[in-house]
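The values are calculated or read from the model by the stated rules, or taken from the named source; none is laboratory data. Since this is a predicted model, take the numbers as computed values, not measurements. With ideal geometry, Cβ positions are generated from the backbone for all residues, glycine too; neighbour counts draw on all protein chains shown. Only protein heavy atoms, including side chains, enter the accessible area calculation; ligands, DNA and RNA are left aside. Shrake-Rupley method; radii C 1.70, N 1.55, O 1.52, S 1.80 Å.
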Amino acid sequence: MGWLGKIFGGGASVDGLRKALAQKRFADARLLAEQLQGQNLPAEEVAEVERLAVTAGDGLARLNLDEACGFQRAGESERADEHLQLALQQVCSAELRREIEEASMKPLQPTIENVPEVLSNVSCSRCAPQKLTPLAHEESDFPDLDSRLELVLISYPPDLAERYRHKSEQFLEGFLFAHAGQDGEALLSWQGLSGAEQDDLYWFELGSAQARCGQRKDARKSLEKALRENPDLLPATEALVSVLVALGTADKARELLQGMLDRGQDPAFCHAQLAYLSVQEKAREQALVHTRQALVEGAGDPSFLVLGASLLEQAGALDEAEVVLNRLSGGGCRGGLNLPLAEFLLRQQRDLGKILDTFNAACREDPENPRWQLRVAQTYLARNWRKEGLNLLKKVVDDPRLAPELHQEAVTQLAGLDA
């Protein structure tokens, strides 16, 4: 959905990747890098994404190495080993890999009372002892308005970022409230702004905040004003399309997108959005037409690629669906299959060894998500490992964290096995 996907959800961008790294959100950065590696980017951006992917992988590895060292000092060898193994899976640079391997060979030193204070700030909430102090809020490192503004603007196109820098302090205070998820405070901050302040950026930010607060009719008016001021402000179009759909006026959203197409304005975005609208209206054939056109135009948003592949698969165009899923990235620094592709191959009963490795890795990296345990169980069964598959399936079907549609999938499969 573009560079401001936070409004109604969205996909990956190079600017978003830079921002995630600036905020030391290494897990998010690694995911964004993996998504971007499956897109058709300019050569200079390909090189930058590769470099940032290494930074993200090493950042995660460093966090796990620090945690492992803390657990080593506490005499908790099993937990230390778990984090060292994760670090080895995540690391990209040779120098850090050697450091992790050296830590793996260190003897245990169970002297928790001598652990330096800095090691108490471990990053893994599942493993950290309760007495450890949580990480300070990241904004404490950027206390002044200018620093926090620059942190946000990292993810913006340079020309647009420069426009924001010249806005008034009152506007920017509300802008930062909105980016902190405090939309009510943002709306209060913008009260009283008038005249030159009420430009396309003002109406766009105001409308976006109103939409997130559920004030959809007001949001529609604000976003329409933004586009009257600046018809080329694509994020305002994205937001307005979502608002129009939420208001039950999908025909107006379609009219807006068709107008953009008639002007030759971002056809990849327009056809992708029209595909989404067609799916919501259960017009599958029309959705497929727009999907194929969006792909021809170069649409690369990961969420759209997953939707498009699903539509193609349902239409029986399996080869096309696989090509689309291959445009998504694989396993970051380690390579491998991406998860949507692995799930597709599971449905096709293909490459079961590779997809089992992929799902096992997902279980290690996202242990709170039982989806991947379910996929491991299904892969076991596909390989005719009935005992292992049945045991794991019985375990995961009772996991309350399993999404309802996945729970039903597990129940149905289990009933078929017991029959």
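The table that follows gives values for the structure above.
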{"read-out": "Verdict on residue 168 being modelled with pLDDT of 90 or more, surrounded by fewer than 19 Cβ atoms within 10 Å (Cβ to Cβ) and small (Gly, Ala, Ser)", "value": "yes"}
{"read-out": "Any hit, the range 407-414, residues being closer than 29 Å to residue 26 by Cα, of a type in the set (Asp, Glu), surrounded by 13 or more Cβ atoms within 10 Å (Cβ to Cβ) and out of contact with any Phe, Trp or Tyr (no Cβ under 6 Å at 6 or more places or on another chain)", "value": "no"}
{"read-out": "Top-ranked residue in the range 188-211 [being assigned to a helix (DSSP H, G or I) and of a type in the set (Phe, Trp, Tyr); ranked as nearest to residue 163 (Cα to Cα)]", "value": "202"}
{"read-out": "Verdict on residue 185 being open to solvent by 60 Å² or more (accessible area, probe 1.4 Å), free of Cβ contacts under 8 Å to residues at least 40 places away in the same chain, within 21 Å of residue 173 (Cα to Cα) and touching a helix residue (DSSP H, G or I) at 6+ places or on another chain (Cβ under 7 Å)", "value": "yes"}
{"read-out": "Test result for residue 216, in contact (Cβ under 8 Å) with a residue 60 or more places away in the chain and either within 15 Å of residue 246 (Cα to Cα) or under 28 Å from the mean Cα position of the chain (by Cα) (or both)", "value": "no"}
{"read-out": "Residue within the range 161-174 that is in contact with a Gly (Cβ under 7 Å, 6 or more places away or on another chain) and not β-branched (Val, Ile, Thr) present", "value": "no"}
{"read-out": "Test for residue 365: is it more than 18 Å from the chain's Cα centre (by Cα) and not hydrophobic (A, V, I, L, M, F, W, C)", "value": "no"}
{"read-out": "Every pair of residues 6+ apart whose Cβ atoms lie under 8 Å, when the first sits in the range 46-63 and is in contact (Cβ under 8 Å) with a residue 60 or more places away in the chain while the second is among the polar types (S, T, N, Q) and open to solvent by less than 60 Å² (accessible area, probe 1.4 Å)", "value": "54/93; 57/90; 63/123"}
{"read-out": "Options 196, 180: the member that is closer than 21 Å to residue 231 by Cα, hydrophobic (A, V, I, L, M, F, W, C) and at pLDDT below 90", "value": "196"}
{"read-out": "Residues within the range 257-276 that are at pLDDT 90 or above, hydrophobic (A, V, I, L, M, F, W, C) and within 27 Å of the chain's Cα centre (by Cα), tallied", "value": "6"}
{"read-out": "Filtered residues of the range 147-165 (kept if within 19 Å of residue 236 (Cα to Cα) and open to solvent by less than 30 Å² (accessible area, probe 1.4 Å))", "value": "152, 153, 155, 156, 160, 161, 164"}
{"read-out": "Unique residue being among the polar types (S, T, N, Q) and over 22 Å from residue 20 (Cα atoms) when the list is 208, 189", "value": "189"}
{"read-out": "Tally, over the range 338-357, of residues that are open to solvent by less than 20 Å² (accessible area, probe 1.4 Å) and either in contact with a strand residue (DSSP E or B) (Cβ under 8 Å, 6 or more places away or on another chain) or closer than 15 Å to residue 34 by Cβ (or both)", "value": "3"}
{"read-out": "Contacts under 6 angstrom Cβ, first residue in the range 366-384 being within 19 Å of residue 344 (Cα to Cα), partner open to solvent by 50 Å² or more (accessible area, probe 1.4 Å) and assigned to a helix (DSSP H, G or I), 6 or more apart", "value": "380/388"}
